[in-house]
Each structure stands twice: as C-alpha cells, then as structure tokens.
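Engineer: Take a look at the following structure, please.
Rule-based calculations on the coordinates, nothing more; no lab input. Everything numeric in this text was worked out from a predicted model, so none of it was measured. Virtual Cβ from ideal backbone geometry, glycine too; neighbours counted across all protein chains shown.
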Amino acid sequence: MTKFDLIKNIDEYEIIAKSPYGAYILSKTGKKPHYVGRSDNNLKVRILQSAKERKCSYFWAKETSSPMQAYKLECKYYHKYEEIVVNEIHPDVPDGTFWLCPVEGCE
Ligand SMILES: [Zn+2]
C-alpha cells in the first residue's frame, strides 16, 4: 500500500475528484489501517466525513470507474486488513444489487 496522506492535504490528492467511486482506508497514525470504506457517490466527501466520525487524520484512497469495482476493492482491503481494522461487519452491497465478494473463501 502507498503511504498514507494527511486528511488536510486531501485537496492535493490528485485522483480524488475525478471519480465519485472508490475505496479508502483511514488511519489514526499514518502507519497502519484503522478503517476500510468506500464511496458510491462522492469519494472525497465520504472520506472527509468518515475520517471525522472515526477521528482519523490520515487516509489512502483508490478510485474506481464503477460502484461495483468500489465494492470489490473495499472487500479486498477489508479481508487484507480484517485482523487490524475496526470494521465490525463485512462490506455491504448497495440496495438492489447482488454483487459477490471477490475474495476466495469468503461466505
Ligand atoms: Zn468477503
């Protein structure tokens, strides 16, 4: 994973405004993941809100070109960091969709 960026520098984060969809990881220290999330409508706004709620100062994000890709990416990060992040439940699909988690061995 690339280095975490400070939330206050989010406007300088190149990829952030181009696509509304994507997955992100928040961190309190900038060293290890704290929370995994995704956006289906506004990646930047979602990261800022989520960081405020979780009291995180650092983020890392990756844009996707569709909500389904955002979901699948979120699942991958969730499973990769499952042991250390505070997420209590597996990423949920948006209402009306039946996408499946791409991670092998996931129920
Ligand atoms: Zn899964």
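Engineer: Starting from the 7 Å offset along Cα-to-Cβ, what nm value, one decimal, do you get for the label separation of GLU53 and LEU6?
Structural biologist: Label at GLU53, label at LEU6, 2.5 nm between them.
Engineer: So how much slack lies between ILE89 and LYS76, counting 0.36 nm per residue of separation and subtracting their Cα-Cα distance, in nm? Write out the running numbers ahead of the final one.
Structural biologist: Values: separation 13, 0.36 × 13 = 4.68 nm, distance 1.37 nm.
Gain in length upon complete extension: 3.3 nm.
Engineer: Give me the number: length gained by fully extending SER66 to ASN41, i.e. 0.36 nm times residue separation minus the C-alpha to C-alpha distance, one decimal in nm.
Structural biologist: Numbers: separation 25, 0.36 × 25 = 9.00 nm, distance 0.99 nm.
Gain on extension, SER66 to ASN41, equals 8.0 nm.
Engineer: Report the rotationally averaged projected area of the chain based on its alpha-carbon convex hull, in square nanometres.
Structural biologist: Numbers: hull surface 26.2 nm².
Quarter of the Cα hull surface area: 6.5 nm².
Engineer: So how much slack lies between THR29 and GLU104, counting 0.36 nm per residue of separation and subtracting their Cα-Cα distance, in nm?
Structural biologist: Length gained, THR29 through GLU104: 24.0 nm.
Engineer: Next question, about the same structure. Can you put ILE7, ILE89 in order, fewest other beta carbons within 10 Å first?
Structural biologist: Details: ILE7 18, ILE89 6.
With the fewest neighbours first, ILE7, ILE89 line up as ILE89, ILE7.
Engineer: Related question: Once phi is turned into ³J(HN,Hα) by the Karplus curve 6.51 cos²θ - 1.76 cosθ + 1.60 with θ = phi - 60°, what whole-Hz value does each residue of region 73-85 show in order, with x for glycine and proline?
Structural biologist: Values per residue, Gly and Pro as x: 5, 4, 4, 4, 5, 4, 6, 4, 10, 3, 6, 10, 7 Hz.
Engineer: Given the options GLY96, GLY37, GLY22, state which has the largest fluctuation in a GNM of the chain using a 10 Å cut-off (strictly under) for Cα springs.
Structural biologist: Highest fluctuation among the options: GLY96.
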